[in-house]
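In what follows, a structure is listed as structure tokens, so that the remarks can point back to it.
The values are calculated or read from the model by the stated rules, or taken from the named source; none is laboratory data. Just so we're clear, the structure is a prediction, and the values are computed from it rather than from any experiment. Note that each Cβ is placed from the backbone with ideal geometry, even for glycine, and that neighbours are counted across all protein chains shown.
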Amino acid sequence: MEVIRVNGTAIDEAAVLAEMQYHPAATAEEAGRRAAEALAVRELLLQRAEALGFDREDEDAIDRLIAAEVSLPAPDEESCRRYFDANRSQFHSPSLYEARHILLAAMPDDEAERETARLQAETLIAALQRDPELFGQLAQQHSACPSKEAGGHLGQFASGSTIPEFETFLDSLEVGQLAPVPVPSRYGFHVLQLLQREAGREMAYEQVRERVADYLAESVFRTAIRQYISVLAAEAEISGVALAGADSPLLQ
């Protein structure tokens, strides 16, 4: 690995290897690149903080530097309203579901066990199609979920609070309908019935104004920090790592 230098200050390989744990990636090479960039940016910022008279050993040195040199205007009401109007589809209350299920458990990597569970789920679905009143009894007899003690009843829950496979099927079923095929998940296969569904509703601007303001403030912060680092990097002598487009440790 080429030695990284920021204005003559070296960052050794051991530091990069230690930093890699904070930058998970698909490959060790990518994690190493991200770690090297983060350390170089940190050194760049600490050097600037020191030049302005801040103690680089102070854990708040970078925060003090940013406060002194980076302008972070708060989003105004017009900006918040404009973002909300352009992204109304993002602001809905969650859908509510009421459902029951029977879990036939199977490990995700055990193909034989999963096939057995799928076939058993199909058998239970066929039995329930003949006699829907058997659901509670069959749940108590066969389900691997604690909900079996309540006849498989899961109670009421909001979208986003359960596994995606469930929601995909729950959104496709009519109220009262039994899923005609087993529902696969990492836990095995489910016999699933939708009991009730209440679709999410569009939220008023007043309900989400604070959330919008926080999002826009974060966006402004990230943009301003990137621009600030780009300016510092352009004026510095850096070798062993490329900082073009690199995120600051502040952004991770």
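Summary of computed values
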item	result
Subset tally (residues that are in contact with a strand residue (DSSP E or B) (Cβ under 6 Å, 6 or more places away or on another chain) and under 23 Å from E115 (Cα atoms)) for the stretch 148-169	4
Residues (aromatic (F, W, Y) and within 25 Å of E69 (Cβ to Cβ)) located in the stretch 195-240	Y215, F221, Y228
Failed item, numbered, when M20 is tested on (1) within 20 Å of A233 (Cα to Cα); (2) surrounded by 18 or more Cβ atoms within 10 Å (Cβ to Cβ)	(1)
Wholly within the stretch 149-252, strands (runs of 3 or more DSSP E) carrying at least 3 residues that are over 30 Å from D12 (Cβ atoms) and of a type outside the set (G, A, S)	153-158, 188-198
Residue ID - nearest to the chain's Cα centre (by Cα), chosen from residues in the stretch 76-128 that are in a loop (DSSP other than H, G, I, E, B) and surrounded by fewer than 16 Cβ atoms within 10 Å (Cβ to Cβ)	P94
Any hit, the stretch 194-210, residues being on the phi > 0 side of the Ramachandran plot and in contact (Cβ under 8 Å) with a residue 12 or more places away in the chain	no
Meets criteria (modelled with pLDDT of 90 or more, assigned by TED's automatic domain parsing to the domain that holds G240 and not basic (K, R)) for A74	no
Single residue of V3, V16 found to be more than 24 Å from E218 (Cβ to Cβ) and at pLDDT below 90	V3
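Each row is one residue, and each column tells you yes or no for (1) touching a residue at least 24 places away in the same chain (Cβ under 8 Å); (2) over 18 Å from A179 (Cα atoms).
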position: A117; (1), (2): yes, no
position: L128; (1), (2): yes, no
position: E133; (1), (2): no, no
position: L154; (1), (2): yes, no
position: G160; (1), (2): yes, yes
position: P164; (1), (2): no, no
